[in-house]
Amino acid sequence: MRRVPNLSWAALLPLALALSACGLQPMYAGGGSGAVAQGLAAVEVPAIEGKAGWLMRNALVDRLGASSANGGNARYRLDVRLDDRLESLGLLSNDQIGRERRTLRARYQLVDLASGDIVLDATASSDAGIDVVGSEYATIAAENTALENLAHEVADQIVTKLALQIRSAQR
């Protein structure tokens with residue numbers, strides 16, 4: 001009896017060779033000592049106004065890997081302006097609000113401290129739905145939790161965009 005060659009391995013070999021030559025490179029090559037991680041750590045985040053600003057700044061500093069003081073090693077400054085909105089959506093038959101939507105929008109600019117040039121000017125936003133319940137305390141707690149979650153989501157979007165910008169500037 002003659003053996004038939006395994007076609008799945010024969011078909012995958014050219015695909016694997018083509019994939020290795022496609023030019024894809026990991027964003028954070030080199031880990032914490034890599035170029036993108038070092039570039040993100042060199043971003044200074046000044047104070048942002050309000051409770052949402054405090055949450056956003058803390059989330060950004062955590063994700064950038066920068067210390068709050070940066071030790072004078074900052075190469076960039078990230079200026080962020082927030083728009084935090086809470087809208088009533090659902091109206092129940094007894095004219096009470098049944099649902100709210102909280103939207104957090106950030107307009108941010110990455111400024112090169114050496115030249116004063118704006119390297120990146122963009123926006124990021126996210127929203128969350130909140131059920132309004134009979135307990136006012138529970139509704140306020142849900143609104144605050146939504147704000148915290150939105151700050152984390154928007155910070156993730158900002159840091160991703162910054163990483164892409166820093167990576168393209170290094171090429």
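Every read-out reported here was derived from the displayed coordinates using simple, explicitly stated rules and does not represent laboratory data. None of these values were measured; they are calculated from a predicted model. So basically every Cβ, Gly included, is an ideal-geometry build from the backbone, and we count neighbours across all protein chains shown.
For the range 31-169, the relative contact order comes to 24 percent (Cα pairs under 8 Å, sequence separation of at least 6). Along the range 160-168 the Karplus relation, 6.51 cos²θ - 1.76 cosθ + 1.60 evaluated at θ = phi - 60°, assigns HN-Hα couplings of 4, 5, 5, 4, 5, 5, 5, 5, 5 Hz to successive residues, with x for each Gly and Pro. One compactness figure for the range 31-169 is 1.23, namely its Cα radius of gyration divided by 2.2 N^0.38 Å.
Expressed in nm to one decimal, what extension gain is obtained for the pair Ser88 and Arg101 from 0.36 nm per residue of sequence separation less their Cα-Cα distance? Mind dumping the intermediate values first?
Details: separation 13, 0.36 × 13 = 4.68 nm, distance 0.65 nm.
In short, 4.0 nm is gained.
Pull out the extension gain between Arg75 and Ser168, defined as 0.36 nm times the separation in residues minus the alpha carbon to alpha carbon distance; nm, one decimal.
Details: separation 93, 0.36 × 93 = 33.48 nm, distance 1.59 nm.
Fully extending the segment from Arg75 to Ser168 adds 31.9 nm.
Output wanted: per-residue J couplings in Hz (rounded whole) for the range 104-121, from phi through Karplus 6.51 cos²θ - 1.76 cosθ + 1.60, θ = phi - 60°, x for Gly and Pro. Going residue by residue, I get 10, 10, 10, 9, 9, 10, 9, 10, 6, 5, 5, 9, x, 6, 7, 7, 8, 10 Hz, with x marking Gly and Pro. Taking label positions 7 Å along the Cα-Cβ direction at both Thr160 and Ala41, the computed distance is 2.4 nm, reported to one decimal.
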